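**Q** Could you have a look at this structure, given as structure tokens, before my questions?
A short reminder: the numbers here are calculations on the coordinates, not readings from a lab. These numbers come from a predicted model, not from an experiment. Ideal geometry is used to build each Cβ from the backbone, glycine not excepted, and the neighbour counts take in all protein chains shown.
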Amino acid sequence: MNIIQNLVPESKYELKCPYEMDAKFIVVHNTANDATARNEIAYMVRNSSSTSYHYAIDDKEIVQGLPENRNGWHAGDGRYGEGNRNGIGIEICWSESGGDRFIAAEKLTAKFIASKLNEKGWGIDKVKKHQDFQKKYCPHRTLDMGWQRFLDMIHAELNNIKPTNSETKNEEVFEMKLNTIKKGSTGGQVAAMQAMLIGFGYDLGTYGADGDFGAVTENALKKYQSEHNLEADGVCGPSTWTSLFSDSEPEEEWVPAVGDIVNFKGGTQYSSASATTGSNAVAGQAKITKVVNGKHPYHLVRTGKTGPYGWVDAGTFTKV
Ligand SMILES: [Zn+2]
């Protein structure tokens with residue numbers, strides 16, 4: 001599941017989520033407006049009201065605003081209320097006008113809740129509605145359409161989840177359909193790519209993995225691509241995704257040493273390590289016979305029919 005995080009800063013914990021929480025169930029809400037999940041969470045994080053919830057889910061994205069180990073103020077049952085102090089609050093978006101967007105948002109929510117139940121080892125009885133804690137008709141549209149129907153949707157999603165162990169989890173990652181993303185793209189896959197770039201040491205500045213593919217991300221991706229023999233076009237398509245997923249630690253740097261067999265790329269060779277003018281040598285295989293501290297530090301002797309026989313610069317050959 002792709003989850004975009006836009007978490008309440010710690011400076012607002014006192015207002016939004018003052019208590020630590022060991023979550024015991026899920027509380028489902030409808031937003032009763034037509035904001036996207038991103039906007040819903042951004043507004044919640046920014047405003048000075050105490051109202052808070054853990055996730056907002058629209059037809060496309062799951063956005064998290066509170067860490068699951070902090071309480072939220074969403075169930076309307078007060079400071080010591082069961083719902084507020086033990087529930088993971090989830091807002092389903094697009095509930096004001098309903099329609100296809102809302103149906104898709106409910107479906108994505110059912111999928112997310114199923115994976116959460118699976119992760120926590122919880123049964124379907126851990127799925128509660130706001131109405132269970134306060135006399136409020138929420139989640140209003142989900143209730144209109146049928147609560148049992150929504151629980152059945154979660155059931156169906158649970159049946160789709162294979163028993164998990166670390167191996168099948170990894171496979172699922174690679175089976176995930178990866179889109180080609182570029183400058184202007186947003187969403188979970190952008191955030192995933194950004195997180196990988198950061199993990200490999202590429203600087204995204206203060207933006208971090210924000211799910212927004214801007215100029216800083218594009219530059220970092222181009223740098224990654226050029227350092228990984230990929231076309232440095234700043235577009236993350238199949239070959240770049242494959243490289244990102246298969247990449248681990250950068251290879252240990254090779255330090256050329258006497259005795260190494262190399263492929264000379266062709267270029268200038270010199271009669272001594274400090275010579276200022278040289279002569280042209282064609283490409284070919286060679287052996288390093290001396291290494292000194294000079295302008296042209298490597299002495300190569302050809303081992304094939306063509307190649308250098310003299311002193312050359314660093315970077316003019318590769319390891320065989
Ligand atoms: Zn509610």
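**Q** What do you get for the angle between helix 215-227 and the principal long axis of the chain? Use alpha-carbon atoms, 0 to 90 degrees, nearest ten.
**A** Roughly 40 degrees, rounded to the nearest 10.
**Q** Determine the relative contact order of the range 177-247: mean sequence separation of Cα pairs under 8 Å and six or more apart, normalised by residue count, in whole percent.
**A** 35 percent
**Q** Which Cα, out of Ala42, Tyr53, Val320, lies furthest along the positive dipole direction of the chain (beta carbon charges, K/R +1, D/E -1)?
**A** Of the candidates, Val320 comes out farthest on the positive side.
**Q** Please sort by residue number the GluC sites (Glu not before Pro) in the range 217-300 whose DSSP state is loop and whose Cβ has at most 16 other Cβ atoms within 10 Å.
**A** Here the GluC sites (Glu not before Pro) that fit, given the DSSP loop and packing criteria, are Glu231, Glu251, Glu252, Glu253.
**Q** Counting only C-alpha contacts under 8 Å and six or more residues apart, can you give the relative contact order of the range 261-319 as a whole percent?
**A** Across the range 261-319, relative contact order equals 39 percent.
**Q** Give the calculated FRET efficiency between Ser50 and Glu96 to the nearest 0.05, with a Förster radius of 30 Å applied to their Cβ-Cβ distance.
**A** For R0 = 30 Å, the calculated efficiency reads 0.85.
**Q** Compute the length gained on full extension between Tyr19 and Tyr43: take 0.36 nm times their separation in residues and subtract their Cα-Cα distance, giving the result in nm to one decimal.
**A** Contour length minus the Cα-Cα distance gives 6.5 nm.
**Q** Let me check against my output: what whole-number percent is the relative contact order of the chain, with C-alpha pairs under 8 Å and at least 6 apart?
**A** About 12 percent, as a whole number.
**Q** Explain nothing, just the number: dipole magnitude of the chain about its Cα centre with +1 on each Lys and Arg Cβ and -1 on each Asp and Glu Cβ, in debye rounded to the nearest 20.
**A** In total the dipole reaches around 420 debye.
**Q** Per 0.36 nm of contour for each residue apart, how much would the distance between Ser272 and Ala104 grow if the chain were fully extended, relative to their Cα-Cα spacing?
**A** Computed gain between Ser272 and Ala104 is 53.3 nm.
**Q** Here's a follow-up. What FRET efficiency comes out for the pair Ser279/Ser246, r = Cβ-Cβ distance, R0 = 45 Å, nearest 0.05?
**A** Working: r = 42 Å, r/R0 = 0.94.
Working from the Cβ atoms, E equals 0.60.
**Q** I'd like the antiparallel share, as a percent to the nearest 5, of DSSP beta bridges with both residues in the chain.
**A** For the chain, the DSSP antiparallel bridge percentage is about 65.
**Q** Related question: Charges on Cβ only, +1 for Lys and Arg, -1 for Asp and Glu, centred on the Cα centroid of the chain; of His228, Asn84, Val28, which one is farthest towards the dipole's positive end?
**A** Going by the Cα projections, it comes out as His228.
**Q** Would you work out which of Ser279, Leu143, Gln131 lies farthest towards the positive end of the dipole of the chain, given +1 charges on the beta-carbon of Lys and Arg and -1 on that of Asp and Glu, about the Cα centre?
**A** Ser279
**Q** Further, regarding this structure: Relative to the Cα centre, what is the charge dipole magnitude of the range 81-162, using +1 at the beta carbon of each Lys and Arg, -1 at the beta carbon of each Asp and Glu, and rounding to the nearest 20 debye?
**A** 160 debye
**Q** Relative to the longest principal axis of the C-alpha atoms of the chain, give the angle of the C-alpha long axis of helix 166-175, reported between 0 and 90° and rounded to the nearest 10°.
**A** With rounding to tens, the tilt is 80 degrees.
**Q** Could you tell me the calculated FRET efficiency between Glu10 and Lys177, based on Cβ-Cβ distance and R0 = 30 angstrom, to the nearest 0.05?
**A** So, using R0 = 30 Å, E works out to roughly 0.25.
**Q** What is the helix-to-structure angle for 188-199, meaning the angle in degrees between its Cα long axis and the longest Cα principal axis of the chain, kept from 0 to 90 and rounded to the nearest 10?
**A** Approximately 40 degrees, to the nearest 10.
**Q** Still on this model: If the only charges are +1 at each Lys and Arg Cβ and -1 at each Asp and Glu Cβ, what is the size of the charge dipole of the range 179-306 around the Cα centre, to the nearest 20 debye? If you can, show how the numbers build up before the last one.
**A** Working: 10 positive and 13 negative charges, 179 e Å.
In total the dipole reaches around 860 debye.
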